[in-house]
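One structure is given here, and the rest of the page talks about it.
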Amino acid sequence: MSLAQVPTTPPPRAYIDTMVFIYHFMRHRLTPKANNFFKDIENGKYAGVTTSFTIAEYVGVMRKALTAVRNRPSTSTDVSKLRKEIEEFISNMGIIYFDADTLISPVYGKLFSSTENIVENAKHFKNPRSNKWYLVNGADALHVTLAVRAGADLYATFDDDFRGVDNWIKPLMLFEVY
Amino acid sequence: MTAVNINAIPKRYFPFSSIDDTIPPLKKLLKKSNTQVKPSGYFNENIADSFYNERLELGGVFTLRTPAPIMRWHPAKQGTTAKFHGCLSKIYPELNKINDKGLDTLIKNMRNREE
C-alpha cells in the first residue's frame, strides 16, 4: 500500500477470536474462510485487534495438539516457535495488540463484574440447522469484556456462542460473511 | 415511586458484602471513649455522597483514560496472509494427522471442559 492509499482514519476494529488464528495457521475446512478474513484485514477493510490472552490460548491449544500427535510432552522450543509465528503475523498484519494485564487494570473499571453481567444477560441462540442452543460462558464473556475495553467494534469468530452478545459488541460471524 | 418486580431480579446466593478489616471495630472504639461514633464509608446509607465530586460542579475538565496498545494499527505488509496460510502444518507436518473434528474438539476444550 502506497502512502497515498493509506486511509486517514483506521477501519472498523475487529477483535479476533483465538480460533480464527488457529484455523488460518492449520489445515481445516474453515481455513479458507479465515484466510479471506485476514485478506480483508490486509487490504484495510478491518483493523484487527488482539491481546496477550489470545496468544496464551493459542499456545495452549497448539501445545496440546503437538502433545497429542507425538504422544510426548511439548518442549520449550515448541513454545518459542509457536509464539514467534503468531507474533510475527500480528506485527506484519498491523493488528492492534494489547497487553491483557493493561486491559484488566482497575483504572478502567471492574473486570469480573462486567463479565458476570455479560454471562447473566447474553441472549441464547438456537441454530435452526442443528437445533442446538448456544450461549457464552465465563471465558467467552471475558474475551467480550477485553474486546470492549480494547475499543473493538466487532467480534470476529466462528463460534455461535457469541451471537447473543450484540448488546456489548457486534458479532462478526465469519461463517456467514465469507 | 418506582415499582420493582422482585421476580425479575436474579436470585443472588452471595450477598457481595465485604468487611473492611482495616477499620477498628465500632465496639472497641465505643469502649475506649464516651464519644459518639457515626459509622461512615462506601456502604453506609448515604451512598450518593460517596460519589459526590465538587470539581464537577465547578466545571472541572476530566479526561477518560483509555487503555493504550503495545502495538498500534498500521497498514499490513502485503503478502502476510498468504505467507502464514497453513504455516504450522509446514513447520510441524505431524499436525496434519489431526483431522477437522479433532481440531474442533481441541478448540472447544480451550474454554469448555466437555470431553
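Computed values, structure above
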| item | result |
| --- | --- |
| Most mobile of A:GLY48, A:GLY138, A:GLY164 in a GNM of chain A (Cα contacts under 10 Å) | A:GLY138 |
| For B:THR105, A:THR157, order by how many other beta-carbon atoms lie within 10 Å, fewest first | B:THR105, A:THR157 |
| Shielding by partners - mean other protein chain Cβ count within 10 Å, residues of A:29-37 | 2 |
| GNM top mover of A:VAL79, A:VAL59, A:VAL136 - chain A, alpha-carbon springs below 10 Å | A:VAL79 |
| Top of A:PHE162, A:PHE89, A:PHE21 by mean-square fluctuation, Gaussian network on chain A, Cα under 10 Å | A:PHE89 |
| Chain A: equivalent-ellipsoid semi-axes (sqrt of 5 x gyration tensor eigenvalues, Cα, Å) | 24, 22, 19 |
| Neighbouring partner chain Cβ atoms per residue of B:96-103, average, 10 Å criterion | 5 |
| Built amide H within the under 5 Å cut-off of B:ILE98, gap 5+ | none |
| Links that overshoot a 22 Å alpha carbon limit, given the list A:LYS45/A:LYS84; A:LYS132/B:LYS97; A:LYS81/B:LYS101; A:LYS45/A:LYS170; A:LYS84/B:LYS90; A:LYS39/A:LYS64 | A:LYS45/A:LYS84; A:LYS132/B:LYS97; A:LYS81/B:LYS101; A:LYS39/A:LYS64 |
| Debye-sum result for the stretch A:68-111 in log10 I(q)/I(0), which assumes one identical scatterer on each alpha carbon, at q = 0.15, 0.17, 0.32, 0.33 Å⁻¹ | -0.64, -0.72, -1.05, -1.07 |
| Per-residue Cβ neighbour rank within 10 angstrom, fewest leading, B:TYR92, A:TYR58, A:TYR23 | B:TYR92, A:TYR58, A:TYR23 |
| Chain A - charge dipole about Cα centre, Lys and Arg +1 at Cβ, Asp and Glu -1, debye rounded to 20 | 580 |
| Which of A:ASP40, A:ASP17 has the fewest Cβ neighbours within 10 Å, and the rest in rising order | A:ASP40, A:ASP17 |
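A short reminder: the numbers here are calculations on the coordinates, not readings from a lab. Note that the structure is a prediction, hence the values are computed from the model and not measured. Reconstructed Cβ throughout: ideal geometry from the backbone, glycine too, with neighbour counts over all protein chains shown.
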